[in-house]
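Just below is one structure, and these are the notes that go with it.
The values are calculated or read from the model by the stated rules, or taken from the named source; none is laboratory data. Here the structure is a predicted model, which is why all the values come from computation and not from measurement. FYI the Cβ positions are ideal-geometry reconstructions off the backbone, even for glycines, and counts take in every protein chain you see.
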Amino acid sequence: MTQTITVIRGDGIGPEIMEATLRVLDTMGLGLSYEFADAGLTALESQGELLPASTMDSIRRNRIALKSPLTTPVGEGFSSINVEMRKRFDLYANVRPAKSFPNTKSRFPSGIDLVTVRENTEGAYSAEGQQVSEDGETATSITRTTRRGSERIVRYAFELARRTGRRKVTVVHKANILKSTSGLFLKTARTVAQEYPDIECNEMIVDNCCMQLVMRPEQFDVIVTTNLFGDIISDLCAGLVGGLGLAPGANIGTDAAIFEAVHGTAPDIAGQGKANPCALLLAAAQMLDHMGKVDDAERLRRAIIATLEAKDSLTADLGGTGSTGTFADAIIRRL
Ligand code: ATP
Ligand code: MG
């Protein structure tokens, strides 16, 4: 049975890394078909809109989108297309895997294989009640945490652990100080955890978690946490395994899920065949996991790892002399 996904080629290096990624996916015989849709600068130029209704409809219909980075031009209505998509589809879970890969500039070339699940809609980023006093001396904002919001993110983390064969979920919080908000998150997490006796659950205070991640990252499997902590921790984890070129991410809601590279449009190297396609390829692997094609996802990751190990046709950011296309070819040869 074929399954249709929405594909957004994006701006800057977007079209190059998407072309490479689709070529790799096509080799795998997954029965995927693609519905191409525009967003960002490309859409503004062709349809006069950054986020056309037809693109939103496509994602709504297919429920899954693979997306390249987008440019949000300044002064075009909203500050970020990515944030706008998150809001419109209520993409409450931001999911970022971090895995050690060979021959990268990482401090941890092996041993790390974790996923950060960040609550994406509330907490310190709810943008409510932002106020600065008239004299400019005092600023306040509201941190809103709900039981529903906490419950669905923690449940998502446990379900992900089950679906992908992971064994442990670490709940990261600061309930000792932020007694009401982080307290509610922790309390809710403890309740949800009881429904998953097959998955180990532990709790960690966020500051200790940061230290532990740097000292003994191999102890982590799935981390679930609130918006602000998750933002910081997921970047910390990307740094642990070698940075932007290898960092995928997903924004997941009840009705739609969007898979993407964490990096931006990289205009400095766009159109030159220099872009590393791995982050988007790893996002595609994450998408396959999400679709329940866990074996295919693993097969794709293994081919990427084998190519890195052999230093075959790697792009310049990884110290090689390959291009986006030859790197993809090298991965295809190993599938
Ligand atoms: P944007 O405004 O869209 O975020 P940016 O220039 O900030 O664009 P980033 O993606 O944040 O782009 O890139 C930061 C740096 O990392 C740039 O020098 C870019 O060339 C490099 N970079 C980003 N992604 C890749 C990639 N996939 N392959 C190689 N280099 C990359
Ligand atoms: Mg950037």
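Return the residues of the range 103-117 that are modelled with pLDDT of 90 or more and surrounded by fewer than 17 Cβ atoms within 10 Å (Cβ to Cβ); say none if nothing qualifies.
Gly111, Asp113
State the number of residues belonging to the range 265-298 that are part of a loop (DSSP other than H, G, I, E, B) and within 8 Å of ligand 1 (Cβ to nearest atom).
6
Considering only residues that are hydrophobic (A, V, I, L, M, F, W, C) and within 16 Å of ligand 2 (Cβ to nearest atom), look in the range 8-59 and name the one that is farthest from Leu282 (Cα to Cα). Write out each step before concluding.
Here is the first cut: in the range 8-59, the ones hydrophobic (A, V, I, L, M, F, W, C) are 8, 13, 17-18, 20, 22, 24-25, 28, 30, 32, 36-37, 39, 41, 43-44, 50-51, 53, 56, 59.
From the residues that got through so far, the ones that are within 16 Å of ligand 2 (Cβ to nearest atom) too are 13, 17, 41.
On the way: Ile13: 16, Ile17: 12, Leu41: 24 Å.
Looking at the filtered set, the residue picked out is Leu41.
Among the listed residues Thr315, Thr307, Thr326, identify the single one that is among the polar types (S, T, N, Q), over 19 Å from Ala247 (Cβ atoms) and more than 16 Å from ligand 2 (Cβ to nearest atom).
Values: Thr315 fails: over 19 Å from Ala247 (Cβ atoms); Thr307 fails: over 19 Å from Ala247 (Cβ atoms).
Result: Thr326 is the single residue among Thr315, Thr307, Thr326 that is among the polar types (S, T, N, Q), over 19 Å from Ala247 (Cβ atoms) and more than 16 Å from ligand 2 (Cβ to nearest atom).
What are the residue pairs meeting all of these: first residue in the range 125-152, first residue among the acidic types (Asp, Glu), second residue part of a helix (DSSP H, G or I), Cβ atoms under 8 Å, and 6 or more apart or on different chains?
Between residues of the range 125-152 that are among the acidic types (Asp, Glu) and residues that are part of a helix (DSSP H, G or I), the close pairs are Glu151/Thr188; Glu151/Thr191; Glu151/Val192.
Taking the conditions exactly as written (over 16 Å from Leu91 (Cβ atoms) and within 13 Å of ligand 2 (Cβ to nearest atom)), does Ala275 satisfy them or not?
Here the answer is no, as Ala275 does not meet what is asked.
Test Thr6 against the criterion of being under 17 Å from Ala65 (Cβ atoms) and buried (at least 22 other Cβ atoms within 10 Å of the Cβ), and give yes or no.
Yes: the conditions hold for Thr6.
Matching residues to (1) acidic (Asp, Glu); (2) touching a strand residue (DSSP E or B) at 6+ places or on another chain (Cβ under 6 Å); (3) buried (at least 23 other Cβ atoms within 10 Å of the Cβ); (4) not assigned by TED's automatic domain parsing to the domain that holds Ala306:
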{"site": "Pro197", "(1), (2), (3), (4)": "no, no, no, yes"}
{"site": "Leu246", "(1), (2), (3), (4)": "no, no, yes, no"}
{"site": "Gly264", "(1), (2), (3), (4)": "no, no, no, no"}
{"site": "Asp268", "(1), (2), (3), (4)": "yes, no, no, no"}
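Here's a check for you: in the range 236-264, which residue that is more than 11 Å from ligand 1 (Cβ to nearest atom) and assigned to a helix (DSSP H, G or I) is farthest from Ile332 (Cα to Cα)?
Residue satisfying both the conditions and the ranking: Leu236.
Has the range 174-195 got at least one residue that is under 21 Å from Tyr92 (Cα atoms), at pLDDT below 95 and exposed (fewer than 15 other Cβ atoms within 10 Å of the Cβ)?
Checked against the condition, which is being under 21 Å from Tyr92 (Cα atoms), at pLDDT below 95 and exposed (fewer than 15 other Cβ atoms within 10 Å of the Cβ), the range 174-195 yields no hits at all.
Take the range 54-95 and flag every residue that is of a type in the set (Val, Ile, Thr) and in contact (Cβ under 8 Å) with a residue 24 or more places away in the chain.
Within the range 54-95, Thr55, Ile59, Ile64, Thr71, Thr72, Ile81, Val95 qualify.
Tell me, which strands (runs of 3 or more DSSP E) wholly within the range 153-233 include 1 or more residues that are under 14 Å from Arg118 (Cβ atoms)? So that I can check it myself, show each step before the final result.
Working: elements: 168-173, 200-205, 222-225.
Per the criteria, 168-173, 222-225.
Given the conditions (1) modelled with pLDDT of 95 or more; (2) within 15 Å of Thr254 (Cα to Cα); (3) under 16 Å from the mean Cα position of the chain (by Cα); (4) buried (at least 20 other Cβ atoms within 10 Å of the Cβ), report the number of the one that Asp90 does not fulfil.
Asp90 satisfies all of (1) modelled with pLDDT of 95 or more; (2) within 15 Å of Thr254 (Cα to Cα); (3) under 16 Å from the mean Cα position of the chain (by Cα); (4) buried (at least 20 other Cβ atoms within 10 Å of the Cβ) except (4).
Can you tell me which residue among Gly75, Gly40 is within 16 Å of ligand 1 (Cβ to nearest atom) and under 28 Å from Thr116 (Cα atoms)?
Gly40
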